[in-house]
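The values are calculated or read from the model by the stated rules, or taken from the named source; none is laboratory data. This structure is a prediction, so every number in the text was calculated from the model and none was measured. As a convention, Cβ positions derive from the backbone with ideal geometry for all residues, glycine included, and neighbour counts pool all protein chains shown.
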Amino acid sequence: MKGKIWVALILMLSFACSPRVLVNYMVVAVPEEGSLTLTQYTRDDERVLHPWVGIDSETKIIRWYAPPLIAVSPDGEKVAYIASDNEFNNLYLKNISGGRATVQRTFNRNIMDMSYSPDGKYIAFTERKSGNDNIFMINATEGVATQQLVNSPAAELSPSFGPDGETVFYTKSEGSRYFIWSYNIETSLATQYTEGFTPNLAPNGEDLIVTRNSREGNRGEIWMINIRKGSETLILNDPKKGYSSPQISPDGKRIVCVGTTEGDKTKPQNLDLFVVNVDGTRLTQLTFHGGHDVSPVWAPDGKSIFFLSQRGNKQGKYNVWKMDLNNTLN
């Protein structure tokens, strides 16, 4: 299917019981988002891919693919995204400040997610080949050669660079369970840490933010794992909602994530963006649009968040957007 990441792995869950409501996707912002400044960076004809999102017709449970499908360069000059062309899903770079220039960086078949290195020289990404997901790396600006970092019969995906630039954290599946691993580019050493997925290491190099499914298995939770001490802290959970895709802010103080919003007579249950302090306090809902908002990543200055959204077009196509937080978090 064009324009969409279809995958049977890493699906976040949450109960859905709201009536069917039609969404006006043409609306760019709803009244509850009045304090945000929103900017669109891609066009409908660029065929931007988005995560798989679906609701089971029998159980009424919403599910989605959690790893990020966009990334922002550390200098804040480029946004990377995945687009579909002739059934091939590849990685593209677009200038944020200067015009509409777009460069295709990979010439593969099925890129699934990505992460910039801290120095901006490399991009790690997942590619699916012959039904198997593995982690690769490419120079962010030169050449087309890719380096395979990890390869096994298990699915390995959702790469995220650590602050040192030498370590790539990723998710590895073992049956129906998911575990966090790391790969050291210099030594080729692979290390297993803990259960979870969508890893994101804090700037202090110790606190690993991950998603875990609840004990009941029907919703996502956000956890912090200190990889030096081995301590585990539950940051965000809810008996009815699911959360995933955590990304820690450049100053290490806040986490942005995807969460489910319960539907009502005017809005269906959907996926919105939330921000929470790393100690679990001050949970704030950022987006309220009836379409899905997914794949959030922080801008390097910590004042803006890039994300994929269905807003601003009649068909509900996804595009890359940026929200300037202004005084939202004060």
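Here is how the numbers come out for the structure above:
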item	result
Residue count, region 166-201 (criterion: over 24 Å from Tyr243 (Cβ atoms), without any contact (Cβ under 8 Å) to a residue 12 or more places away in the chain and under 21 Å from the mean Cα position of the chain (by Cα))	0
Output for region 237-265, where each listed residue is under 17 Å from Asp293 (Cβ atoms) and part of a loop (DSSP other than H, G, I, E, B)	Lys241, Gly242, Glu262, Gly263
Any chance Ser115 is among the small types (Gly, Ala, Ser), touching a residue at least 40 places away in the same chain (Cβ under 8 Å), within 27 Å of Asp251 (Cα to Cα) and in a strand (DSSP E or B)	yes
Options Phe125, Phe136, Phe107; residue that is farther than 29 Å from Asp324 by Cα, touching an Asp or Glu at 6+ places or on another chain (Cβ under 7 Å) and either in contact (Cβ under 8 Å) with a residue 12 or more places away in the chain or surrounded by fewer than 22 Cβ atoms within 10 Å (Cβ to Cβ) (or both)	Phe136
Which numbered condition Tyr25 fails, given (1) crowded, with 17+ Cβ neighbours inside 10 Å; (2) within 27 Å of Asn200 (Cβ to Cβ)	(2)
Asp119 surrounded by fewer than 24 Cβ atoms within 10 Å (Cβ to Cβ), of a type in the set (Asp, Glu) and either farther than 19 Å from Phe307 by Cβ or at pLDDT 95 or above (or both)	yes
Residue under evaluation Thr194, criteria (1) in contact with a Ser or Thr (Cβ under 9 Å, 6 or more places away or on another chain); (2) surrounded by 15 or more Cβ atoms within 10 Å (Cβ to Cβ), criterion not met	(1)
Val144 vs. criteria assigned to a strand (DSSP E or B), surrounded by fewer than 18 Cβ atoms within 10 Å (Cβ to Cβ) and free of Cβ contacts under 8 Å to residues at least 40 places away in the same chain	no
Residue within region 304-324 that is touching a Ser or Thr at 6+ places or on another chain (Cβ under 8 Å), closer than 29 Å to Glu232 by Cβ, at pLDDT 95 or above and among the charged types (D, E, K, R) present	no
Qualifying positions in region 245-262 - within 17 Å of Lys60 (Cα to Cα) and either under 12 Å from the mean Cα position of the chain (by Cα) or buried (at least 18 other Cβ atoms within 10 Å of the Cβ) (or both)	Gly259, Thr260, Thr261
Residue among Ser158, Ser182 that is under 20 Å from Ser73 (Cβ atoms), in a strand (DSSP E or B), among the hydroxyl-bearing types (Ser, Thr, Tyr) and modelled with pLDDT of 95 or more	Ser158
Any hit, region 214-224, residues being under 19 Å from Val275 (Cβ atoms) and of a type in the set (Ser, Thr, Tyr)	no
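Residue by residue, here is whether (1) in contact with a Lys or Arg (Cβ under 8 Å, 6 or more places away or on another chain); (2) assigned to a strand (DSSP E or B); (3) farther than 19 Å from Trp52 by Cα; (4) in contact (Cβ under 8 Å) with a residue 12 or more places away in the chain holds:
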residue: Val276; (1), (2), (3), (4): yes, yes, yes, yes
residue: Asp279; (1), (2), (3), (4): no, no, yes, yes
residue: Gly290; (1), (2), (3), (4): yes, no, no, yes
residue: Asp301; (1), (2), (3), (4): no, no, yes, yes
residue: Leu308; (1), (2), (3), (4): no, yes, no, yes
residue: Trp321; (1), (2), (3), (4): yes, yes, no, yes
residue: Asn326; (1), (2), (3), (4): no, no, yes, yes
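Yes/no matrix, rows are residues, columns are (1) surrounded by 15 or more Cβ atoms within 10 Å (Cβ to Cβ); (2) closer than 22 Å to Ala66 by Cβ:
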| position | (1), (2) |
| --- | --- |
| Lys129 | no, yes |
| Asn132 | no, yes |
| Ala140 | yes, no |
| Glu156 | yes, yes |
| Phe179 | yes, yes |
| Tyr183 | yes, yes |
| Leu208 | yes, yes |
| Arg215 | no, yes |
| Arg228 | no, no |
